[in-house]
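Undergrad: Structure below; questions to follow.
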Ligand SMILES: NC(=O)c1ccc[n+]([C@@H]2O[C@H](COP(=O)([O-])OP(=O)(O)OC[C@H]3O[C@@H](n4cnc5c(N)ncnc54)[C@H](O)[C@@H]3O)[C@@H](O)[C@H]2O)c1
Ligand SMILES: N[C@H](CO)Cc1c[nH]c[nH+]1
Ligand SMILES: [Zn+2]
């Protein structure tokens, strides 16, 4: 029988094998082809297409399903969810709101770049944003918190949620509870590529939005890519992924518990234990089957598929420098730094969506309640992208004003630029005298 855990001993290998940097979403071509007809059908048939795909992909057996969640469904959700769970959702909301309020930029700023040349930025919320809340392999009220709270803090006037319906044609109750606690009352039952197309084009019921945020399956990622001309697709956030990075100081049991976290999302996830310690690597490989036996069967199957497949397992490096180099090249969504001095090692990490320092900060805490956003760049995009934040729901508008006494010098320089670039109208506009306004100070 093949070993159930993928193991790469890189102690004698020069360089990083490129295959180890791949994820399931690295090649989206199959998904792109599958979602094209779905997008077309939503564009031409609107709500009818959403009901059709709800039956086809989400097994919805209610033919006249209301596409927008009703007030009654919200009320039912509060009756269905255990009050203790509601308290935990509220605890998460409070922490996440505090973090994102601290992150919010000033409404505007201005600087005198030279005497008489004033310029600044105004920060404004985007007018309409759709939050995608996944529902294929789980229910995610936590994703409501992560996507809707920064939108509310930013002041987005129209913030909506789209999410796949369950077979009974209803939205996951936890999702509705979180939405109401945050103050989002537009929740639409459409997921996958059809949901993304609905908020791109608009349907009879679903409003067209300017932007979509939130994580999703490769179908969602593919649809966002195809529709990116008409809908801002936001931070790339696909299947979950994590690296647990250790030296020899960590208890392997902790490393294994944390390696398992993101491996249970689905067979499309990625999860690696990257360590410079042969002791930790071997103990982890030995411990994994014992932990799988204690997990929910479906989740254990997902985890086995990830940790025994091409996108997960255990990597042993020659030394800790090599482990850090691998991590920076991989650019994981979540990174746990389990070393003797994680604060010192933080400075060595260049590419990761989030870095969780030390054994008391496992990924689970940040997924749900710590405050930072758990919607993070996947598929190596942490090399250039940042975690979802208040900034993703806002845009800047620059402004400038020139005082009469500063005008002649600036105009002379601008005219020279314009003539060099061959723009005669640009040049003429600043080559002759113009009436000077009196600056009004308010
Ligand atoms: N970054 C985060 O914060 C975060 C949080 C939670 C989950 N995730 C990741 O998001 C992903 C969620 O994926 P999911 O599947 O659970 O939910 P999902 O809602 O993204 O995808 C389910 C939808 O995919 C579509 N679909 C399924 N099979 C299809 C097919 N054969 N053809 C066309 N469309 C099809 C259906 O419309 C279905 O409703 C996971 O990979 C998970 O790891 C990320
Ligand atoms: N790990 C996900 C982000 O990659 C967030 C999440 C929500 N629930 C469980 N996990
Ligand atoms: Zn998770």
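Undergrad: With each pseudo-label sitting 7 Å past Cα toward Cβ, what's the residue 52-residue 94 distance in nm, one decimal?
TA: About 4.9 nm, to one decimal.
Undergrad: Only Cα pairs under 8 Å and at least 6 apart count here; give the relative contact order of region 332-389 as a rounded whole percent.
TA: 37
Undergrad: So if I restrict to the alpha-carbon atoms in the chain, what is the Rg, and what is Dmax, the biggest pairwise distance, in Å?
TA: Rg and Dmax of the chain, Cα atoms, are 25.4, 86 Å.
Undergrad: Test of understanding: express the Cα radius of gyration of region 1-104 as a ratio to 2.2 N^0.38 Å, with N the residue count.
TA: Dividing the Cα Rg of region 1-104 by 2.2 N^0.38 Å gives 1.80.
Undergrad: Is it possible to state the helix-based mean residue ellipticity at 222 nm for the chain, with each DSSP H run of 4+ residues giving -39500 (n - 2.57), the sum divided by total residues, to the nearest 500 deg cm²/dmol? What is it?
TA: -13000 deg cm²/dmol
Undergrad: So what is Rg over Rh here for region 140-211, counting just Cα atoms and using Kirkwood for Rh?
TA: That ratio is 0.94, to two decimals.
Undergrad: Rounded to a whole number, what is D in µm²/s for region 109-231 from Stokes-Einstein with the Kirkwood radius over alpha-carbon pairs (37 °C, 0.692 mPa s)? If you can, show how the numbers build up before the last one.
TA: On the way: Rh = 15.3 Å.
D = 214 µm²/s.
Undergrad: If you line up the long axis of helix 83-103 against the longest principal axis of the chain, both from Cα atoms, how many degrees apart are they, to the nearest 10?
TA: On a 0 to 90 degree scale, this one is about 40.
Undergrad: If you rank 51, 225 by fewest surrounding Cβ atoms within 10 Å, what's the result? Each step should come with its number before you reach the end.
TA: Numbers: 51 22, 225 15.
With the sparsest Cβ surroundings first, the list reads 225, 51.
Undergrad: Pairing the Cα long axis of helix 29-45 with the longest principal axis of the chain, what angle in degrees results, from 0 to 90 and rounded to the nearest 10?
TA: 60
Undergrad: Another question, then. What list do you get for 109, 118 if you sort them by fewest beta carbons within 10 Å?
TA: 109, 118
Undergrad: Okay, moving on. Put a dot 7 Å past each Cα toward the Cβ at residue 415 and residue 294; how far apart are the dots in nm?
TA: Going from the residue 294 label point to the residue 415 one covers 8.0 nm.
Undergrad: So what are region 207-332's ellipsoid semi-axes, whole angstrom, largest first, if each one is the square root of 5 times an eigenvalue of the alpha-carbon gyration tensor?
TA: Values: eigenvalues 208, 66, 19 Å².
One finds semi-axes of 32, 18, 10 Å for region 207-332.
Undergrad: Pairs of Cα atoms under 8 Å, at least six residues apart: use those to get the relative contact order of the chain, whole percent.
TA: Here the relative contact order equals 20 percent.
Undergrad: To make sure I understand, if each residue's beta carbon is the centre and we count other beta carbons within 10 Å, what order do 364, 235 fall in, fewest to most?
TA: In increasing order of surrounding Cβ atoms, one gets 364, 235.
Undergrad: If you count the DSSP beta bridges with both ends in the chain, what percent of them are antiparallel, to the nearest 5?
TA: On the way: 16 of 51 bridges.
Roughly 30 percent of the DSSP beta bridges within the chain come out antiparallel.
Undergrad: Calculate the translational D of region 28-235 in whole µm² s⁻¹ from Stokes-Einstein, where the hydrodynamic radius comes from the Kirkwood formula applied to all Cα pairs, the temperature is 37 °C and the viscosity 0.692 mPa s.
TA: Values: Rh = 17.9 Å.
Estimated via Stokes-Einstein, D reaches 184 µm²/s.
Undergrad: Expressed as an acute angle from 0 to 90° and rounded to the nearest 10, what is the orientation of the C-alpha long axis of helix 173-182 relative to the principal long axis of the chain?
TA: Rounded to the nearest ten degrees, it is 30.
Bear in mind these aren't lab numbers, they're just calculated from the coordinates by the rules spelled out. Bear in mind that the values here come from a model prediction, so they are computed numbers and not experimental data. Glycine gets a Cβ as well: all are built from the backbone with ideal geometry, and neighbour counts include every protein chain shown.
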